[in-house]
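Novice: The structure's right below; bear with me while I get my questions together.
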Amino acid sequence: MESLDTLRNFIKSVDYNDEEASFESHKAIYRFVNETVLSPDSPLTKHVPSLDIIVYGIKRHLYPEPILDGIPDLLDLLATAEWYRQKTLSAAQNALVWNTYYKNKPKFTLTADDQKVLNEFEAKKESWRKMYLTILLSLCKNDIYLMWTEKPPCITEFMIRFNEYFPSLNDPTAQSPRLFHSSLSEEEKVLVEQAGRECCQRIQDSCQWAVRHREDGETLVVVFKTKAFQKAYPIPCAMEPLRKLFDIYLNHIQTSTRKLHDMFD
């Protein structure tokens, strides 16, 4: 589609580490998305946003510096990127099934190189899913930590966010607006619950530590800002290694999607 090709060209011109140099590119992308992609007449509004837009949105949250108060949006973008990975994997699996079905008709079968690529998708699917879950749970833990320590805690806002990430801890039947919950297996739901319990324990332990170490008249928020507290209770996952994981994960999705497209286009 011509509009998506234009958008891809805009995105290719972006240097995510240099805001000033890429200012005009970002403006062009935002203008293009608003005027073309989000136009009421655009057929794109009826579909999942393209992978290019999802990756662009994720990188805008991560570079040049992470937008820490944008983690809820980042989680939804991550879940959509994983949807694309699963879609590509499913297409690869279907191609391998049909390749086996037509094994006696070479005209319809895959080349050895193409078959090797698709088999690799299948062989490494669990590893990529684990990476996705690692990123996902790290973001959830970081956001809960930041809500508790970076500003005076608002218990209402905190509980809303906590229940979005870990709804089953308060109500096993609760529904969450966060997209990542829709694709979790039963085993993965257990991992999410465990992460939620770890957050609860960390909050309890860190508050007890802060109470023991605060000076007379000091609020807990002041203690949370001290180097001693941040050394004892650092952010669960440092953002720099998390950004590197994101880059590896997104590169895999873009590369595998491109390979599959080139294979069957």
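Novice: State whether the residues of the range 122-140 include one that is outside any helix (DSSP H, G or I), closer than 28 Å to His252 by Cα and basic (Lys, Arg).
Specialist: Taking every residue of the range 122-140 in turn, at least one turns out to be outside any helix (DSSP H, G or I), closer than 28 Å to His252 by Cα and basic (Lys, Arg).
Novice: Please list, ordered by residue number, the helices (runs of 4 or more DSSP H) wholly in the range 178-265 having 1 or more residues that are of a type outside the set (A, V, I, L, M, F, W, C). Walk me through how you get there before you give the answer.
Specialist: Details: elements: 186-213, 220-224, 227-232, 239-264.
Hits in the range 178-265: 186-213, 227-232, 239-264.
Novice: May I ask you to say which residue of Ala112, Ala79, Ala95, Ala91 is within 15 Å of the chain's Cα centre (by Cα) and among the aliphatic types (A, V, I, L, M)?
Specialist: Going through Ala112, Ala79, Ala95, Ala91 in turn, just one is within 15 Å of the chain's Cα centre (by Cα) and among the aliphatic types (A, V, I, L, M): Ala79.
Novice: For the condition of a type outside the set (D, E, K, R) and without any contact (Cβ under 8 Å) to a residue 60 or more places away in the chain, what is the one hit in Pro106, Pro72?
Specialist: Pro106
Novice: Moving to a separate point now. Within the bounds of the range 127-135, is there any residue that is of a type in the set (D, E, K, R) and at pLDDT 95 or above?
Specialist: Scanning the range 127-135, I find at least one residue that is of a type in the set (D, E, K, R) and at pLDDT 95 or above, so the answer is yes.
Novice: Counting just the residues of the range 73-113 that are part of a helix (DSSP H, G or I) and among the β-branched types (Val, Ile, Thr), which one comes out surrounded by the most Cβ atoms within 10 Å (Cβ to Cβ)?
Specialist: The extreme case among them is Thr88.
Novice: Now a separate question. Quick one: would you say Lys116 is surrounded by fewer than 13 Cβ atoms within 10 Å (Cβ to Cβ) and either among the hydrophobic types (A, V, I, L, M, F, W, C) or in a loop (DSSP other than H, G, I, E, B) (or both)?
Specialist: No, not satisfied.
Novice: Of the residues that sit in the range 141-177 and are within 17 Å of the chain's Cα centre (by Cα) and part of a loop (DSSP other than H, G, I, E, B), which one is farthest from Ala79 (Cα to Cα)?
Specialist: The extreme case among them is Phe166.
Novice: Just the residues that are buried (at least 16 other Cβ atoms within 10 Å of the Cβ) and at pLDDT 95 or above, please, taken from the range 224-234.
Specialist: Scanning the range 224-234 gives Phe229, Tyr233.
Novice: Separate question: Within the range 160-174, which residues are surrounded by fewer than 14 Cβ atoms within 10 Å (Cβ to Cβ) and either out of contact with any helix residue (DSSP H, G or I) (no Cβ under 7 Å at 6 or more places or on another chain) or within 22 Å of Lys130 (Cα to Cα) (or both)?
Specialist: Across the range 160-174, the qualifying residues are Ile160, Asp171, Pro172, Thr173.
The values are calculated or read from the model by the stated rules, or taken from the named source; none is laboratory data. Here the structure is a predicted model, which means the values were calculated and not measured. Reconstructed Cβ throughout: ideal geometry from the backbone, glycine too, with neighbour counts over all protein chains shown.
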